[in-house]
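A short worksheet on the structure shown next.
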Amino acid sequence: MVTLTPAGLPSAAAAARDDSVAGRILDGALACIGRVGITKTTFDDVARDAGCSRATLYRYFAGRPALLQALVDREARRLEAAVRSAVASAASLTDALASAAGSAVEHLESIDALRFVLEHEPDTVMPFLAFERADAVFAVAAAFGVDVLAPWLEPDAAARAGEWLARLVTAYLVSLDDTEAAPTSLADPDAVRSLVADFVVPGLAGIPTHKG
Amino acid sequence: MTSGGDPLSARDRLLAATYACVARYGLGKTTIEDVVKESGVSRASIYRHFPGGRDELVRETVGWEIAHFLTRLGDHVRDEPDLTMLVAEGLRFARRSMLSHELLQKILETEPERLLGLLTTESARTVPFIAAFLYPYLERERASGRLQAGVDVARAADYLARMILSLIGSPGRWDFEAPEMLEELVRRELLGGIVA
């Protein structure tokens, strides 16, 4: 079963451009999904897009579920690298939190495969962001928050910020036009940044620090 | 119970019958035939109300039960004296209701994928519903001078609705039965940028 929680936190180097065979296969999978979605993407399609044989594919990935899991793991690492980089150049707490959320939305929107799935097959992705699976994603985000927000917040506040921003990004990933019954498009990163500045920062900035 | 002349009650009767079938056979195994037997309504009549067939019927039944849930939730909190207490009690009650909803828990255990796919489309309706419920309470806070300067009520309502829905389904680190924790969550993460 595919999960959204890769083992451990990423290193920037590990998340960098991946020219290996496995990397090309994953790029092939992304391209297929971006064109026809997850449900219609087959192992053969991926092999064709990656320019390799089925046999080669099987050498690296036991099957379609393993391939999808590896794809999710790699993209999760890239997402974390993008957010880490954005937060590293922040000049204030507001900047750090807003750019964390904004860069996450920006990065996710740049993935054509994800756009396709969210727009045309949301029921394939959303179950992984629901109930206990979302709890697991939020726990990873909390740990990540403790890591990257250390210059700005005490660990407990940083953990809360990590979880809350992950919640916000997933809750706003698809924008809702309130005149329609269905979501229309992906959220605007700048709108998310100003949401964080207006609604998130005041509460989290006010958390008292516990100094002995 | 009125007879089949009123289209609204006929629809409700079909949804209630479908709900009973889902409780008995599950989401995946419930058929139009099951609903025919349970409701006493003809197949042709069912398709008239739900041209999309079984899938539309099941989808609408999920929406129907969610609407009931939200109505119970709204009734439970509508008389809370202020927004902070309303949101806190709402989270606690909603989470407890979800955990004690036997059919929901059964489906989450036996056929979660099917349900979660359906809930996705429903959240597009649920968020605006919760936001609309909160809107007058936000207006009341403003009228009492308890809203921070410059807060856009519609934007705040939308934010709260989304985050509340996220919390109800996936509490993460939060235990809504722990009063101090709940108050922290409501005062800071939820209302920290909204209430003065």
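Does the range B:43-52 contain at least one residue that is buried (at least 17 other Cβ atoms within 10 Å of the Cβ) and within 27 Å of B:R96 (Cα to Cα)? No: the range B:43-52 contains no residue that is buried (at least 17 other Cβ atoms within 10 Å of the Cβ) and within 27 Å of B:R96 (Cα to Cα).
State whether one or more residues within the range B:70-78 are touching a Leu at 6+ places or on another chain (Cβ under 9 Å), open to solvent by 80 Å² or more (accessible area, probe 1.4 Å) and within 24 Å of B:F176 (Cβ to Cβ). Break it down into steps so the answer makes sense when it comes.
Of all residues in the range B:70-78, those touching a Leu at 6+ places or on another chain (Cβ under 9 Å) come to B:77-78.
Then drop every residue that is not open to solvent by 80 Å² or more (accessible area, probe 1.4 Å), which leaves B:78.
Filter once more, keeping what is within 24 Å of B:F176 (Cβ to Cβ): B:78.
The answer is yes, given that some residue of the range B:70-78 is touching a Leu at 6+ places or on another chain (Cβ under 9 Å), open to solvent by 80 Å² or more (accessible area, probe 1.4 Å) and within 24 Å of B:F176 (Cβ to Cβ).
Just to be sure I understand, how many residues within the range A:16-63 are outside any helix (DSSP H, G or I), among the hydrophobic types (A, V, I, L, M, F, W, C) and surrounded by 17 or more Cβ atoms within 10 Å (Cβ to Cβ)?
Restricting attention to the range A:16-63, the residues satisfying the condition of being outside any helix (DSSP H, G or I) are A:16-20, A:37-42, A:51-53, A:61-63.
Those still in the list that are among the hydrophobic types (A, V, I, L, M, F, W, C) too: A:16, A:38, A:52, A:61-62.
Next cut, surrounded by 17 or more Cβ atoms within 10 Å (Cβ to Cβ) only: A:38, A:52, A:61.
The qualifying residues number 3.
Restricting to the range B:92-133, name every residue that is open to solvent by less than 60 Å² (accessible area, probe 1.4 Å), of a type in the set (D, E) and assigned to a helix (DSSP H, G or I). Answer for the range B:92-133, where residues must be open to solvent by less than 60 Å² (accessible area, probe 1.4 Å), of a type in the set (D, E) and assigned to a helix (DSSP H, G or I): just B:E122.
Residues that are charged (D, E, K, R) and within 16 Å of the chain's Cα centre (by Cα) do occur in the range A:94-108, at least one of them.
Mind checking which residues of the range B:177-196 are out of contact with any Pro (no Cβ under 8 Å at 6 or more places or on another chain) and open to solvent by less than 10 Å² (accessible area, probe 1.4 Å)?
Within the range B:177-196, the first condition is being out of contact with any Pro (no Cβ under 8 Å at 6 or more places or on another chain), and the residues that meet it are B:177-191, B:194-196.
Scanning the range B:177-196 gives B:L185, B:V186, B:E189, B:L190, B:L191, B:I194.
Considering only residues in the range A:125-143 that are of a type outside the set (A, V, I, L, M) and open to solvent by 40 Å² or more (accessible area, probe 1.4 Å), the one that is nearest to the other protein chains (Cβ to nearest Cβ) turns out to be A:D135.
It is to be established whether one or more residues within the range B:143-160 are crowded, with 18+ Cβ neighbours inside 10 Å and more than 21 Å from A:A197 (Cβ to Cβ). Among the residues of the range B:143-160, not one is crowded, with 18+ Cβ neighbours inside 10 Å and more than 21 Å from A:A197 (Cβ to Cβ), which makes the answer no.
Name the residue that is nearest to B:V22 (Cα to Cα), counting only residues in the range B:112-129 that are of a type outside the set (A, V, I, L, M, F, W, C) and at pLDDT 90 or above.
Going through the range B:112-129, the residues of a type outside the set (A, V, I, L, M, F, W, C) turn out to be B:112-114, B:117, B:120-123, B:125-126, B:128.
Restricting the remaining residues to those that are at pLDDT 90 or above gives B:126, B:128.
Numbers: B:T126: 21, B:P128: 27 Å.
For the range B:112-129, the residue satisfying everything is B:T126.
Based on what the data block shows, is B:L167 in a helix (DSSP H, G or I), more than 8 Å from every other protein chain (Cβ to nearest Cβ) and at pLDDT 95 or above? In short, no. When restricted to residues that are among the small types (G, A, S) and more than 7 Å from every other protein chain (Cβ to nearest Cβ), the range B:101-126 contains 1.
Cβ-Cβ contacts under 9 Å between residues 6 or more apart (or on different chains), taken from a first residue in the range B:30-57 that is closer than 24 Å to B:L103 by Cα to a second residue that is aromatic (F, W, Y) and open to solvent by 60 Å² or more (accessible area, probe 1.4 Å), are listed as B:T31/B:Y25; B:I32/B:Y47; B:D34/B:Y25; B:G53/B:Y47.
The values are calculated or read from the model by the stated rules, or taken from the named source; none is laboratory data. Note that this is a predicted model, so its numbers are computed, not measured. Cβ: placed from backbone, ideal geometry, glycine included. Neighbour counts: every protein chain shown. When the accessible area is computed, the model is the full protein with side chains, heavy atoms only, and any ligands, DNA or RNA have been set aside. Shrake-Rupley method; radii C 1.70, N 1.55, O 1.52, S 1.80 Å.
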